[in-house]
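Worksheet: one structure, shown below.
Computed from the coordinates by the stated procedures, all read-outs in this text should not be read as laboratory data. Everything numeric in this text was worked out from a predicted model, so none of it was measured. Backbone-built Cβ (ideal geometry, glycine too); neighbour counts: all protein chains shown.
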Amino acid sequence: MPIITSDKTQPTYDVIVVGSGAAGGQTAYTLTMEGLKVLMIESGRNYDPVKETPMFQTDGQAPLRAANTPDKPMGFYDSTVDGGWAVPGEPYTNASADPTRQFTWWRARMLGGRTNHWGRISLRNGPYDFKPHRRDGLGFDWPIGYDDVAPYYDKVEMLVGVYGSNTGLENTPDSSPGVLLPPPKARAGELLAQQRAKKLGLPVVPIHRAVLSVRQDADAIPAKLHPGNPKAQRLLAESMRSRAACFWATECGRGCATKANYQSTTVHLPPALASGNLDILTDAMVREVTLNAAGKATGVIHVDKKTGAEGRATARVVVLAASSCDSVRILLNSKSARFPQGLANSSGVVGKYIMDTVGAALGGHIPLLENLPVHNEDGAGGAHVYIPWWLYGEQLAGKLDFARGYHVEFSTGRRMPNVTTGANLEHLTGGSFGRQFKEDARRYYGASVSFASRGEMIPNENCFCELDPVVKDKWGVPALRFHWQWSDHELRQVAHAQKTFAQLIEAMGGKVRQPPAANPLTAIRPGGNVKHEVGGARMGDSPKTSVTNSFGQTWDVPNLFLGDGATFCSNADKNPTLTIMALAWRMGDYLIGEMKKGNV
Amino acid sequence: MKPFPQRPAAGIDRRTSIKWMFAAAASIALLDENSLSAATPASAVGYGTDPDLQKTYKPGDLWSLTFTEDQLRTATALCDTIIPADSISPAASTVGVPAFIDEWISAPYPEHDQDRQIVVEGLAWIEAESQRRFQSDFGSLILRQKNALCEDICLVAKAKPEFKTAARFFKRFRDLTAGGFYTTPEGMKDIGYVANVPLASFDGPPPEVLAKLGLA
């Protein structure tokens with residue numbers, strides 16, 4: 001079974017999976033390895049990183065030196081296809097005109113979704129992160145704890161390949177022995193930050209990223225992941241053997257033709273397709289879930305994005321993994337007499353409590369890094385170290401004026417020159433030009449650093465989405481309208497982060513480029529801008545206050561599941577992708593069990 | 001999220017990029033299905049949301065260029081005043097930087113419209129000022145004369161009031177010249193970028209770097 005067109009779908013499937021990213025990819029992998037027949041429906045085009053990734057291309061080979069444009073908002077070589085902050089023909093709206101209350105929504109219309117370009121940062125939620133309300137009385141607890149998810153974190157890390165180290169730091173879980181791949185050595189600026197951060201009490205440790213620092217153990221891992229399933233073991237081993245170790249060049253955001261990092265299209269989908277149990281329908285946008293008279297899901301209606309033609313697919317089970325807000329949109333658009341407020345929404349919680357990651361940055365110039373001997377700092381195409389949140393104790397003792405933490409991500413080094421190289425140096429050069437400018441450019445290259453906070457946002461009543469009463473997409477399907485408002489917790493967190501970064505830059509002997517913002521609303525990135533939007537259909541213990549049970553099974557429709565970040569009850573500072581994959585695998589195991597028992 | 005660290009918004013500040021983001025989302029949201037194609041002219045003439053990432057592009061491949069012969073001559077002379085040849089690398093014009101600037105100011109995107117105006121007007125000012133001071137076109141001036149003219153406009157903060165606008169142009173032009181130059185193979189070599197090559201292992205900074213940082 002392969003990539004197919006609408007007229008080639010089977011009459012029915014065991015499971016329809018809507019979406020092909022981290023959630024859809026993991027769900028399809030888990031189910032097809034166990035023999036279920038799956039139809040995956042993706043709204044974007046087919047995409048093959050092995051053939052399409054620009055490896056080694058330099059910015060000088062691209063239009064406009066690969067600068068960001070409205071067509072490619074993260075630069076020409078970013079792997080995103082047909083996506084960005086605005087997707088032609090697929091609008092969304094904001095309820096408020098207030099610039100501080102905007103939500104921005106990044107979408108990618110391509111096989112593999114946003115896993116093709118993501119930062120590969122793979123951090124586990126810790127025990128506190130699943131029970132935040134219990135700890136500080138804010139937000140919501142999950143119906144599951146760290147121990148429920150830990151085995152799945154191990155499994156996902158072994159499957160996709162994650163480098164990092166076990167630090168034993170508070171609420172920063174270790175992986176089981178032998179799971180992590182060795183972390184790469186730190187770069188010069190990272191090491192300098194590590195040394196100087198010590199005085200400030202900041203722990204700089206290896207970050208975890210889904211990049212193969214060495215090749216995976218294809219002889220041992222498959223048997224651990226698929227005990228008693230020789231076919232799955234064989235398919236996974238073949239897939240693992242087709243992946244190369246990182247060759248320490250080319251940014252991960254371009255994707256990876258040698259499969260050295262994780263993207264759904266190189267890790268989840270090839271073995272799932274090789275199983276013979278997966279059909280993938282691309283360029284098909286699901287508009288609604290269909291129901292039978294008994295209120296059970298029967299399949300979906302989709303629109304062929306090239307022709308506008310409507311199609312149907314049927315299955316015993318439907319899993320929405322379209323990305324949090326797109327899954328919410330499908331639920332809200334699946335209205336019926338039985339579900340007038342949208343499908344699986346008897347609680348009224350669908351669309352509510354959406355969260356992003358809290359982000360702010362501060363950069364500076366470090367004289368010590370000037371004129372360093374020439375050397376190669378490309379590394380793993382992303383950061384090698386980070387600072388996990390370190391003030392749990394102070395927070396618990398009431399010494400901070402905000403709840404929940406942030407981790408710190410680094411940007412340092414002699415990165416591949418781009419169109420901004422040599423720009424904006426006047427504060428250092430006094431406006432030099434000519435031979436002096438060339439000397440200055442050599443001196444200052446690689447001597448700047450930037451630190452960014454990635455922090456936890458507490459879900460609030462003012463952050464939600466609903467169907468826009470007027471605006472529809474080009475196929476006539478109602479669009480989403482967003483409401484957004486930060487609370488003081490997020491704003492104070494950002495102020496704390498910028499202050500910390502200024503201290504760190506000074507401790508490195510440097511100078512901040514701009515002082516921390518007087519008004520944190522000017523420093524915080526807009527809602528959605530970190531592209532970690534989760535929630536909108538949270539899981540819980542009760543059908544009255546949540547949309548799904550702890551396995552992503554909707555309370556109202558037992559054969560309808562949510563596989564993506566929509567079910568998140570909180571959004572820890574840890575980047576959500578790894579948790580999305582772990583929960584999708586857990587959901588898949590449960591679903592297989594329920595189908596075997598005849599419960600769905 | 002991608003990915004922090006992410007490339008800095010090329011040539012634009014955060015406020016500008018966020019402005020685009022909202023403008024783009026809002027303009028599409030406000031339109032009905034029929035007016036949609038008409039309202040996104042940029043993508044009709046830009047490279048679109050799914051360009052070929054593998055091929056090598058040259059200025060003029062995607063949209064027609066702006067510079068007249070005279071403007072190109074001025075731009076070339078100014079590029080080489082900012083980045084002249086030295087013992088390490090060639091001058092900016094030797095590696096195609098004027099053509100890159102032409103490509104940049106001709107691109108069908110909002111930020112580039114602004115730069116087109118800044119650059120075209122700035123080049124005209126350079127010629128007028130060159131005639132006023134030296135009764136010669138800029139390209140024919142000797143180095144000392146070119147430098148004298150540029151000295152007055154090389155730093156916005158210090159420029160006299162009558163030179164402020166020209167200084168803002170010069171800043172933009174210097175940034176573009178540098179970005180154009182350091183993204184060429186010659187420019188990357190000059191600045192000390194030796195990566196973008198496959199390695200069997202990543203060994204971290206060499207001992208001389210650690211020693212210089214006091215980390216050895």
Nearest-0.05 FRET efficiency for A:I4 and B:A200 at R0 = 56 Å, using Cβ-Cβ distance, is 0.90
DSSP-defined antiparallel bridges as percent of all bridges, the protein assembly as shown, nearest 5 = 65
Compactness of the stretch B:171-216 as Cα Rg over 2.2 N^0.38 Å, two decimals = 1.61
Any aspartates and glutamates whose Cα falls less than 19 Å from that of A:K511, other than same-chain ones fewer than 8 residues away, would be A:E190, A:E370, A:E409, A:E426, A:D440
Likely footprinting exposure, A:M595, A:M355, fewest C-beta neighbours within 10 Å first = A:M595, A:M355
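How would the stretch A:352-500 be classified by its alpha-carbon gyration tensor: rounded, prolate or oblate, with rounded meaning a/c under 1.5 and the a/b versus b/c comparison settling the rest? Provide the component values of the computation, followed by the final result.
Details: a/c = 2.71, a/b = 1.59, b/c = 1.70.
Verdict is oblate for the stretch A:352-500.
Sorting check: for A:252-264, B:109-121, which peptide has the highest mean count of neighbouring beta carbons within 10 Å, and how do the rest follow?
Details: A:252-264: 25.8, B:109-121: 17.8.
The densest-packed peptide leads the list: A:252-264, B:109-121.
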For the stretch A:497-600, report the convex hull volume of the alpha-carbon atoms normalised per residue, in Å³, without decimals.
-> 128
Lysines whose Cα lies under 21 Å from that of B:K171, excluding same-chain neighbours fewer than 8 positions away | A:K438, B:K146, B:K158, B:K160
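Take the eigenvalues of the Cα gyration tensor for the stretch A:1-71, scale each by 5, and report the square roots as semi-axes in whole Å, largest first. Please report the intermediate quantities before stating the final value.
Working: eigenvalues 235, 37, 26 Å².
So the equivalent ellipsoid measures 34, 14, 11 Å along its semi-axes.
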Cα to Cα, under 24 Å, and not fewer than 8 places away if on the same chain: which lysines meet these conditions relative to A:K399?
-> A:K131, A:K198, A:K199, A:K499, A:K574
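Ratio of the stretch A:1-160's C-alpha Rg to 2.2 N^0.38 Å, to two decimals? Provide the component values of the computation, followed by the final result.
Values: Rg = 19.8 Å, N = 160, 2.2 N^0.38 = 15.1 Å.
So the stretch A:1-160 has a normalised radius of gyration of 1.31.
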What are the residues whose amide H is under 5 Å from the amide H of A:V385, where those residues sit 5 or more places off or on another chain and H is modelled from the backbone?
-> A:I207
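Using the eigenvalues of the Cα gyration tensor, what equivalent ellipsoid semi-axes result for chain A when each is taken as the square root of five times the eigenvalue, whole Å, largest first? Numbers along the way, then the final one.
Numbers: eigenvalues 294, 142, 119 Å².
So the equivalent ellipsoid measures 38, 27, 24 Å along its semi-axes.
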For the stretch A:248-265, in residue order, the Karplus 3J(HN,Hα) values (coefficients 6.51, -1.76, 1.60; θ = phi - 60°; whole Hz; Gly and Pro = x) are 6, 7, 6, 4, 4, x, 7, x, 9, 5, 9, 6, 7, 10, 7, 9, 3, 5
Hey, if you drop one equal point scatterer on each alpha-carbon of the stretch A:529-576 and run the Debye formula without solvent, what base-10 log of I(q)/I(0) do you get at q = 0.19, 0.26, 0.27, 0.31 Å⁻¹?
-> -0.56, -0.89, -0.94, -1.13
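A 28 angstrom limit on the alpha carbon distance is what I want to check against. Which of A:K231/B:K55; A:K306/A:K335; A:K306/B:K55; A:K37/A:K352 exceed it?
Details: A:K231/B:K55 40 Å; A:K306/A:K335 25 Å; A:K306/B:K55 26 Å; A:K37/A:K352 33 Å.
Beyond 28 Å: A:K231/B:K55; A:K37/A:K352.
Counting Lys and Arg as +1 and Asp and Glu as -1, each charge on the Cβ, what is the dipole of the protein assembly as shown about the Cα centre in debye, to the nearest 20? Mind dumping the intermediate values first?
Values: 86 positive and 84 negative charges, 180 e Å.
With only Lys, Arg, Asp and Glu charged at Cβ, the dipole is about 860 debye.
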Shape call for the stretch A:412-508, from the Cα gyration tensor axes a ≥ b ≥ c (a/c under 1.5 means rounded, otherwise prolate when a/b beats b/c, else oblate), comes out oblate
Calculate, in whole percent, how much of the Cα-Cα pair population of the stretch A:352-440 lies beyond 18 Å.
-> 66
Cα-derived Rg to Rh of the stretch B:43-97, Kirkwood definition = 1.10
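Once you sort the root eigenvalues of the Cα gyration tensor of the stretch B:69-190 as a ≥ b ≥ c, which label holds: rounded (a/c under 1.5), prolate (a/b larger than b/c) or oblate (the other case)?
On the way: a/c = 1.56, a/b = 1.17, b/c = 1.34.
In terms of gyration-tensor shape, oblate.
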For the stretch A:213-225, 3J(HN,Hα) per residue [Karplus equation, 6.51 cos²θ - 1.76 cosθ + 1.60, θ = phi - 60°, Hz, x = Gly/Pro] | 6, 9, 5, 6, 7, 6, 7, 9, 5, x, 5, 6, 7
